[in-house]
Every structure is written in structure tokens, then in C-alpha cells.
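Down below is the structure, laid out as C-alpha cells.
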Amino acid sequence: MKLKPRPEQQTPVEIVNDLLFSIRNQFYIDAPTKKWAQDSAFIRRNVVLWPAAWLNNRGVTLPPARYKEIILGVLNEVKVHGKTAVVKYWPGYLKHCLQEHFKHQGERYYEEAKALRASIETALQMAGSATAKVDPITVMAEARRDLLKAAARPSSRGKKNSQPELF
């Protein structure tokens, strides 16, 4: 009897790329490639990775499939019920819609993730192993933090002028 290979968990890069592909095909279908190139970094940082940071800040995580399901659900709601005809800046609108959704539904996602964490910890204790695979959602939250640090401009305060004063 041949065993079926165990389904592998998606990597953070695959999750991000799948979500970006979906956003591009839903909201940028007629947009020039240049427009997508200009907006995609903001979308990656503030739409695709923002929920990972939100979950990580609360000390919980979700399975990658559930994470994608939540974001794709919000995007579908935007497409169906949003005021898409008057949107001038898609990245900002998508960010706003996602954050508003989490204001209303975030507690439910938190409770879902907290219950999942407890069941995983119990299963690990019963198996006698305290090690687990790297969580893709945590990696995505760290990636967002790194992107935000890279995007922050260095402060010019405290730097002295290299030229001496004239008087």
C-alpha cells in the first residue's frame, strides 16, 4: 500500500504571491503594468501583510488557508458591496476596508486563533514534542515589520552640518 504524500503547508512567499495575484486580477485587471508596479509594494505591506502583524501583536496565528480565506473574503465583499466606481486610490481603499473589517470581526478571529493555539499546544504536549514548524503568519508579520523599517526615512535631526559657521 502506497502512502499519500503529506500535503505541505504553503510558504509565506506563496501566500503573499497568491493574495497579490488575486488583488491584481480583481482590482487592477485593466490597469497598466506600471500602475500595478507603483501600488504593489503598498498593497503588500498594508493589505496582504497587515493582518499577519495584527494577529502576531496579539500572540496568535491562523492556518495559512484560513488567513487567505479571510483576506479573500474581505476583497470579495469590497468587489461586491464597495463603492468601486468612485475609488481614486485602490491601495488606500483596500487598506481602509480591511482595517474596518478587522475592527468589527477581529475579536472573532482572535478567539478562533486562540482556540486553535490551545488545541495545538495540547496536541504537542501529548505527542511529547515541544517543537513545531515555523509559522508562516509569524514570518509574514516579521516581513511587514522589516518592510516598514526599510520604508522609514532616516531622521535628519541631530546631524551636524559638515560646514563650519561663517560668523
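The values are calculated or read from the model by the stated rules, or taken from the named source; none is laboratory data. Owing to the predicted nature of the structure, the values given are computational and were not obtained by experimental measurement. Methodologically, a virtual Cβ is constructed for each residue, glycine included, from the backbone with ideal geometry; neighbour enumeration extends over all protein chains shown.
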- Item | Single unsatisfied condition, LEU116 versus (1) in a helix (DSSP H, G or I); (2) modelled with pLDDT under 85; (3) closer than 22 Å to ALA41 by Cβ | (3)
- State whether the residues of the stretch 103-110 include one that is touching a helix residue (DSSP H, G or I) at 6+ places or on another chain (Cβ under 6 Å) and in a helix (DSSP H, G or I). no
- Message: Pull out all pairs, ordered by first then second residue, where Cβ-Cβ is under 7 Å, the residues are six or more apart or on different chains, the first lies in the stretch 61-78 and is among the hydroxyl-bearing types (Ser, Thr, Tyr), and the second is in a helix (DSSP H, G or I) and surrounded by 19 or more Cβ atoms within 10 Å (Cβ to Cβ).
- Response: THR61/LEU55; THR61/ALA113; THR61/ILE137; TYR67/ILE15; TYR67/PRO51; TYR67/ILE137
- Message: Condition (residue is modelled with pLDDT under 95 and over 19 Å from LEU20 (Cα atoms)) applied to the stretch 97-105: is it met by at least one residue?
- Response: no
- Message: Quick test of your reading of the structure: ILE137 fulfils all but one of (1) surrounded by 16 or more Cβ atoms within 10 Å (Cβ to Cβ); (2) at pLDDT 85 or above; (3) in a helix (DSSP H, G or I). Name the failing condition by number.
- Response: (2)
